[in-house]
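The values are calculated or read from the model by the stated rules, or taken from the named source; none is laboratory data. Predicted model only: the values in this text are computed from it and were never measured. Glycine gets a Cβ as well: all are built from the backbone with ideal geometry, and neighbour counts include every protein chain shown. Keep in mind that these areas ignore ligands, DNA and RNA; they rest on the heavy atoms of the full protein, side chains included. Shrake-Rupley method; radii C 1.70, N 1.55, O 1.52, S 1.80 Å.
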Amino acid sequence: QGRTIGDVEWPPDGRGAVYIEFQTRLIGHLDIPSGRDSVIYRLPPDQTLGRGLALSPDGRSIAASVFERGGSAIHIIPVTGGAARPLIRLKAPDSLLLQEWTRDGRAVMFVRSREIPGAIAAQEWHLWSIDAAGGEARYLNLSMPDLGTVRPSPDGRRLAFTSRNSRNRIRVLDNVLTALRESR
């Protein structure tokens, strides 16, 4: 009671849940068999959690969306605890929203926004990826106003996504992530 829980992810062993708790600005772990709740990471005072928590396919790392003074970022946090490592930062007015790890666990996908000139409260969102070890982000050649949730297929060959507009649909693209692997 009195907690504001955000995104939640299942670790590969299925015995617990990794979650965001907005009010106390932490990422926690609930061990389901014992009921034990523990803190994995607590944000510093100058940061807040954004929408987005993604557990790597091997269950060892968490990618989290973080708002910092003057911008937004994705941080990589070890599940066993320890310091967060910034993966990418954007300064306002650009912003980013974490989406998901690629199925091979080698990259993190996110959408990056750009305000649409002349439109009222509209933004165009571009799909990007960045190697989990760091480096330059790569544009994945997908953009649209109100790009919503993006998820790779289990085999990593297709991408399902939604758009939050008047024609809200689930769309699927082939070979987007295959091209990403080949460019490495």
Considering only region 73-99, state which residues are on the phi > 0 side of the Ramachandran plot and either in a strand (DSSP E or B) or open to solvent by 40 Å² or more (accessible area, probe 1.4 Å) (or both).
-> Gly82
For Asp58, which of the numbered conditions (1) in contact with a strand residue (DSSP E or B) (Cβ under 7 Å, 6 or more places away or on another chain); (2) loosely packed, with under 15 Cβ neighbours inside 10 Å; (3) not polar (S, T, N, Q) fails to hold?
-> (1)
Go through region 107-128 and give me each residue that's on the phi < 0 side of the Ramachandran plot, at pLDDT below 75 and open to solvent by 40 Å² or more (accessible area, probe 1.4 Å).
-> Arg114, Glu115, Ile116, Pro117, Ala119, Ile120, Gln123
Within region 170-184, of all residues that are more than 19 Å from Trp101 (Cβ to Cβ) and among the charged types (D, E, K, R), the one modelled with the highest pLDDT is Asp174
Residues in region 1-29 that are in a loop (DSSP other than H, G, I, E, B) and under 14 Å from Ala64 (Cβ atoms) total 2
Pair list, Cβ < 8 Å and 6+ apart or interchain, from region 76-94 residues that are farther than 17 Å from Val18 by Cβ to residues that are among the aromatic types (Phe, Trp, Tyr) | Ile88/Phe110
For region 50-72, how many residues meet the condition of being free of Cβ contacts under 8 Å to residues at least 24 places away in the same chain, assigned to a strand (DSSP E or B) and within 23 Å of Pro152 (Cα to Cα)?
-> 1
Working carefully through the options Asp104, Asp131, Asp146, find the one that is modelled with pLDDT under 80 and under 26 Å from Asp174 (Cβ atoms).
-> Asp146
Could you tell me whether region 152-169 includes any residue that is in a loop (DSSP other than H, G, I, E, B), at pLDDT below 90 and within 13 Å of the chain's Cα centre (by Cα)?
-> no
Among all residue pairs at least 6 apart or on different chains, which show Cβ distances below 9 Å where the first residue, located in region 27-49, is touching a residue at least 12 places away in the same chain (Cβ under 8 Å) and of a type in the set (Phe, Trp, Tyr) and the second is open to solvent by less than 70 Å² (accessible area, probe 1.4 Å) and part of a loop (DSSP other than H, G, I, E, B)?
-> Tyr41/Gly81; Tyr41/Gly82; Tyr41/Ala84
Options Leu30, Leu53, Leu26, Leu49: the member that is closer than 15 Å to Trp101 by Cα and either hydrophobic (A, V, I, L, M, F, W, C) or open to solvent by less than 50 Å² (accessible area, probe 1.4 Å) (or both) | Leu53
Residue in region 1-23 that is most open to solvent (accessible area, probe 1.4 Å), counting only those that are free of Cβ contacts under 8 Å to residues at least 40 places away in the same chain and of a type in the set (Val, Ile, Thr) | Ile5
